[in-house]
Structures are given as structure tokens and as C-alpha cells.
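These notes concern the structure reproduced below.
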Amino acid sequence: MPVLGALSVTLEVPTLDDGVSFYVDAGLEVSIDGAIAQCRCHGQTRNSIVLIGGARRKRLHHIALRADQLGDIARRVAGAGGAVVETPTGFEDRGLWVRDPHGMLYHLVEQLPEPELAWAPVFEINAPGRLMRRSRSAMLPGAAYAAVRPLRLGHVLVFSPDVMSSVNFVTEALGMGLADRAQDVIAFCCARKDSDHHVVAFAKSPGIGFHHASFQVATPDEVGRGGRRLLEKAKRGDWGFGRHTIGSNFFHYIQDPWGSWFEYYSDMDHIDDYARWTPSNYTMADSLANWGPAVPHDFVHNYEVPGTAEF
Ligand SMILES: [Fe+2]
């Protein structure tokens, strides 16, 4: 059952300062060691975002996924059009490093999962014929709420020049499942047991690159509250508050210092057993959102493609 979940994204960036401020404002804990910044969720022992300073422009270095049966993956990689590669200089010499047919780098690591998240309060809604909450307010004054802290990295969306061949690689070589897609433009892949609706997703672009990392928060309120606060601090683009059709999650995306995105999400579909899940192929009308504000003009622009204008 090879890929089990998302671990981290590693980005090469021009300078660390902007990224450190951004992820601190987003609610992550950041430690800096020389030219490397490591960003993790409060209470977790693993990094979720790693920034390497000194690049000319932002570039996805690799994504790391928790997996098992690494020997089986290694044997399937070439047949799916990829390659097992040497550990890149300066990186952890453990697990398995592979490139997909487009040159995108994955690091597959066998390690224990993080402890289960604590139970969150039930998100109560008074609906017609079904009153959940009587004689008390749902909301406190805004100032009563602490800053939102992401609970865990849930998924990563990357660009691909051929979405369905990227899907073929992660399903055939890495043992993931295609959860849903919208034509050959965007596709969402899950682990085969006990998985968020998507762990890795692909959007069509002339080249590979990083689009967004998505962090779970406790409630839809925290999506809205966290997104608004990060937007006020980052002072760049945003998209949200809204709800996706594919995966069903509430979302708010805030643009990072390099034109890619940070997503807060809540209430995503869960796939217990991929053998009992039927993927859908949605129209483009449902590819991005079920409802929400207008999509920013550069929401699916890949600033990593050589020759494109820089952010
Ligand atoms: Fe997302």
C-alpha cells in the first residue's frame, strides 16, 4: 500500500526572509539553520515546508511522501516512465528518491505517522427542522479567538505538462489512486487506505512547478478567520472563502511571496478504501470551485516555467 500521505514540500527560493515571515503569519513554527528554513505545524515533529535560500527564482525542489514497500515502488518506477535517482547532494540519504517522466522529484520515506489529531468541537449548524444550538450564540467577538494554527499538511498541488501521465506515474509506480479529475486539466490522487480525498494533485501547465500546499484547520470558521488574517499580513492575492466541488472542502487560498499559494482547508471528503471509491470526471465548470469569489487571473499560472514573467 505504498504512498500513505503527504510529508513536506521543499522549495528553492531567492531569500528566506519573505518566506519565513509568510509562514509564521500563516501559523507555522519556523526554525532557521543557515540558508534553510524549516516550517512545521505546532505539535508535530516533522517539517511541512522547507525553504532553501539563494535561488535565482522560486522553484519546486521535491515533495516528500510517507510510504511503505519502497522496494516494490523502486521496481515499478522505470515501467511507469520514471527513474530511481541518487540522493541529491545535501539531502537525507534514506528512503527512495525518484523522478517522474517530467523530471519532478519525489522523496518517499518510511516513517511512523504523526499522532492522531485531537478531536475538534462539532461544527453545529441550525438548519430547517433541525436545531442544534438553542439559547446561545455560535460566535464570540472576533478578538476572543486566538490566531489560527494549521493542524497538518494535507495535500500538495503541482503543475504538470501532461496531467494524465503524472497520474499514471503516481498510480502505477507509487501505488496511489485517482480520486477524481476534470478532463485532462486537473486531477486529484489519494492514498488507497484511510486517505484525504487528495494527497497529491496535478494541474496542467507548460512545465512542472509548485502550485500550493494545503493545511487542515479545525472548522470552516478557522478557514475564514485564518485566511482573512493571513491576507491582511501578506498583502498579496487571495481566493476564497469558497467550497470545492472536487473533494468538498471549504478553502481560502493566500498567495505566497513567489506567486504560488497557501491553502487553509476544512471538511474534506475521506476515502476509507479506494477499492470502494468510484472516480468522477467533472466538467471544467466544477474543476475549481462549487462556489466562491471570482478566481484570480493568475491562480493557475506557473511562475516556474522558464521564460515566463516573474511574479
Ligand atoms: Fe488544495
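Among the residues of the stretch 46-103, how many are within 23 Å of the chain's Cα centre (by Cα), of a type in the set (Val, Ile, Thr) and in a strand (DSSP E or B)?
Within the stretch 46-103, residues that are within 23 Å of the chain's Cα centre (by Cα), of a type in the set (Val, Ile, Thr) and in a strand (DSSP E or B) number 5.
Considering only residues of the stretch 198-220 that are aliphatic (A, V, I, L, M) and not in a strand (DSSP E or B), which is nearest to the ligand (Cβ to nearest atom)?
Of everything passing the filter in the stretch 198-220, Val199 is nearest to the ligand (Cβ to nearest atom).
One residue is enough: does the stretch 249-263 have a residue meeting the conditions more than 29 Å from Ser21 (Cβ to Cβ) and buried (at least 16 other Cβ atoms within 10 Å of the Cβ)?
Scanning the stretch 249-263, I find no residue that is more than 29 Å from Ser21 (Cβ to Cβ) and buried (at least 16 other Cβ atoms within 10 Å of the Cβ), so the answer is no.
Among (1) within 15 Å of the ligand (Cβ to nearest atom); (2) over 17 Å from Ala147 (Cβ atoms), which single condition is Val223 missing?
Going through the list (1) within 15 Å of the ligand (Cβ to nearest atom); (2) over 17 Å from Ala147 (Cβ atoms), Val223 breaks only (2).
Quick check on the stretch 75-95: of everything there that is at pLDDT 95 or above and of a type in the set (Gly, Ala, Ser), which residue is farthest from His107 (Cα to Cα)?
Gly79
Is the stretch 28-40 home to any residue that is within 18 Å of Ser260 (Cβ to Cβ), of a type in the set (D, E, K, R) and outside any loop (DSSP other than H, G, I, E, B)?
No, there is no match, as no residue in the stretch 28-40 is within 18 Å of Ser260 (Cβ to Cβ), of a type in the set (D, E, K, R) and outside any loop (DSSP other than H, G, I, E, B).
For Ser195, are the conditions met, namely being touching a Gly at 6+ places or on another chain (Cβ under 9 Å), hydroxyl-bearing (Ser, Thr, Tyr) and more than 10 Å from the ligand (Cβ to nearest atom)?
yes
Report whether or not Phe299 is within 14 Å of the ligand (Cβ to nearest atom), within 30 Å of Thr15 (Cα to Cα), part of a loop (DSSP other than H, G, I, E, B) and at pLDDT 95 or above.
Considered against the rule, which asks whether it is within 14 Å of the ligand (Cβ to nearest atom), within 30 Å of Thr15 (Cα to Cα), part of a loop (DSSP other than H, G, I, E, B) and at pLDDT 95 or above, Phe299 comes out as yes.
The values are calculated or read from the model by the stated rules, or taken from the named source; none is laboratory data. All figures in this text were calculated on a predicted structure; none of them were measured in a lab. Virtual Cβ from ideal backbone geometry, glycine too; neighbours counted across all protein chains shown.
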